[in-house]
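Have a look at the structure below, then the notes.
The values are calculated or read from the model by the stated rules, or taken from the named source; none is laboratory data. Predicted, not measured: the structure shown is a model, and the values here were computed from it. FYI the Cβ positions are ideal-geometry reconstructions off the backbone, even for glycines, and counts take in every protein chain you see. The protein model used for the area step is the full one, side chains on, heavy atoms only, and it has no ligands, DNA or RNA in it. Shrake-Rupley method; radii C 1.70, N 1.55, O 1.52, S 1.80 Å.
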Amino acid sequence: MSLRSTYPDLASLSYRMRAAAALLSVSDTTLKQTIEQSKIHVKRANEGGVKTIAARVFDPDTLFQLARFRRENSSTRTVKGPVVLTVDIIKGGTGKTTTSVELATHLALMGYRVIAIDLDAQTNLTHCLGYEADLNLEELDRSVFTEDALVGKTFSDLITSYCGRRPSAEAFGSVIKKPFGEYGPHLIPADANLGDMEYAISTSKGQRELTFKRFFRESMEGKIPDLNINNYDFIILDCPPNVTMTSACALAAADYVVIPVRLDAFGVGGLSRVISEIRALKNEYGAEVKAKQIILPTHVSASLPRIQRMYAEIQRYKDILSPVSISQSEEFPKSLETYVPLTLLAPTGNPSREYRLFAEHVVKTVLSSEE
């Protein structure tokens, strides 16, 4: 029996040329040229078997390798990372975690170095990227998983240690998971014990809301053992759907706050609360808090008059409103059910296309601010 290091069997994910080209947003011809130039091995459907030439079959790891090769060998501008993207809204059911997962996936498919950090005790981001927070060491002996499949340490362990509440018994870098290999999106997972982090921050001294910002800054300066975030272009923080010290720290650490807004009265109300919280942090800490906002409308359906009314209402934020919206789809729950990002399950589907366009908008926004 072959053991695996993630909850889903990623070996079952494979793509033919059309789907692979869609995931990389290139033509078939460009993809073939990239394979030839990179010398990256792409399996054939009959590899190890019949001698006739068969179609290429791509797995996620190979696709992320090809994406990184394209990025590193491109003459186009890249971001001056690490850029912190905090995904937050004070409301559940808006597509917050879905946006974090799909944004991380598409940025990696654009060749960027990405790490996603799960800050929500519900652990949905952790699940969607391949890990089951409830799996424990005792269950491994009667399962198909290696020890790498365990969540183990979380961002809570890092921050509680950083705040001096708990000594670190091992290097901080050991918390990082790589579900799709070195070139795919990396993950710092969560479990149900994230409340320890909330307590550590709340009882710490000094400017508590700047805890994450200081932590990231010290990591960039080489002061955090074995965790150098200079290795990443983008850091994505997936927040809990309520007001907490954790979410305040994530907002204060952000270069950009992505706000997924479900177009109903409660979703629009959550948008106002997030913007008010950012404003309060800026009033408190001044230039320390950057937190430019990008509003992403989600669950959009042109056929519903109610949604059209809500869309008209958020036009007052048109300067920070994404030109891309995410349509309503019954496909999104599959990420939680299968422990795989929806884009990798349905690469040619509408949700994947829309989130690709949104990722491109985010990159364009970041690059324009660096000019």
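Data for the structure
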| item | result |
| --- | --- |
| Residues of the range 123-144 classified as touching a helix residue (DSSP H, G or I) at 6+ places or on another chain (Cβ under 8 Å) and in contact (Cβ under 8 Å) with a residue 40 or more places away in the chain, total | 10 |
| Residue match in the range 204-218 (condition: out of contact with any Phe, Trp or Tyr (no Cβ under 8 Å at 6 or more places or on another chain), under 24 Å from Tyr162 (Cα atoms), β-branched (Val, Ile, Thr) and open to solvent by less than 10 Å² (accessible area, probe 1.4 Å)) | no |
| Restricting the range 208-233 to residues that are in a helix (DSSP H, G or I) and of a type in the set (S, T, N, Q), the residue that is farthest from Val114 (Cα to Cα) | Thr211 |
| Members of the range 5-20 found to be closer than 23 Å to Pro189 by Cα and touching a Ser or Thr at 6+ places or on another chain (Cβ under 7 Å), listed by number | Ser5, Pro8 |
| Condition check for Glu284: at pLDDT 80 or above, part of a helix (DSSP H, G or I) and buried (at least 18 other Cβ atoms within 10 Å of the Cβ) | no |
| Filter result (within 13 Å of Phe69 (Cβ to Cβ) and more than 21 Å from the chain's Cα centre (by Cα)) within the range 11-37 | Val26, Thr30, Leu31, Gln33, Thr34, Ile35, Glu36, Gln37 |
| Residue match in the range 189-200 (condition: in contact with a strand residue (DSSP E or B) (Cβ under 9 Å, 6 or more places away or on another chain), of a type outside the set (S, T, N, Q) and open to solvent by 40 Å² or more (accessible area, probe 1.4 Å)) | no |
| Tyr355 vs. criteria under 30 Å from Tyr131 (Cα atoms), touching a Gly at 6+ places or on another chain (Cβ under 7 Å) and either of a type in the set (A, V, I, L, M) or crowded, with 19+ Cβ neighbours inside 10 Å (or both) | no |
| Cross-chain or 6+ apart pairs with Cβ under 9 Å, the range 60-77 first and in contact (Cβ under 8 Å) with a residue 40 or more places away in the chain and more than 14 Å from Gln37 (Cα to Cα), then in a loop (DSSP other than H, G, I, E, B) and acidic (Asp, Glu) | Asp61/Glu182; Phe64/Glu182 |
| Qualifying positions in the range 234-258 - among the aliphatic types (A, V, I, L, M), part of a loop (DSSP other than H, G, I, E, B) and open to solvent by 10 Å² or more (accessible area, probe 1.4 Å) | Val243 |
| Helices (runs of 4 or more DSSP H) wholly inside the range 1-111 that include at least 3 residues being under 30 Å from Leu336 (Cα atoms) | 17-24, 60-72, 96-109 |
| Check on Val261, touching a Gly at 6+ places or on another chain (Cβ under 8 Å) and either farther than 21 Å from Thr126 by Cα or open to solvent by 30 Å² or more (accessible area, probe 1.4 Å) (or both) | yes |
| Residues of the range 67-109 satisfying the condition of being open to solvent by 10 Å² or more (accessible area, probe 1.4 Å) and either closer than 27 Å to Glu330 by Cβ or small (Gly, Ala, Ser) (or both) | Ser74, Ser75, Gly81, Ile90, Lys91, Gly92, Gly93, Gly95, Lys96, Thr97, Thr98 |
| Matching entry among Ala116, Ala21 (being out of contact with any Lys or Arg (no Cβ under 7 Å at 6 or more places or on another chain), farther than 30 Å from Val268 by Cα, surrounded by 14 or more Cβ atoms within 10 Å (Cβ to Cβ) and at pLDDT 95 or above) | Ala21 |
| Counted residues, the range 299-324 - those being at pLDDT below 90, within 27 Å of Val83 (Cβ to Cβ) and not in a helix (DSSP H, G or I) | 2 |
| Residue satisfying all of: in the range 140-160; open to solvent by 60 Å² or more (accessible area, probe 1.4 Å) and assigned to a helix (DSSP H, G or I); modelled with the lowest pLDDT among these | Glu147 |
| Cβ pairs under 6 Å, 6+ apart, first in the range 337-349 and aromatic (Phe, Trp, Tyr), second open to solvent by 20 Å² or more (accessible area, probe 1.4 Å) | Tyr339/Tyr7; Tyr339/His127 |
| Counted residues, the range 344-371 - those being under 15 Å from Ser100 (Cα atoms), out of contact with any Asp or Glu (no Cβ under 6 Å at 6 or more places or on another chain) and among the hydroxyl-bearing types (Ser, Thr, Tyr) | 1 |
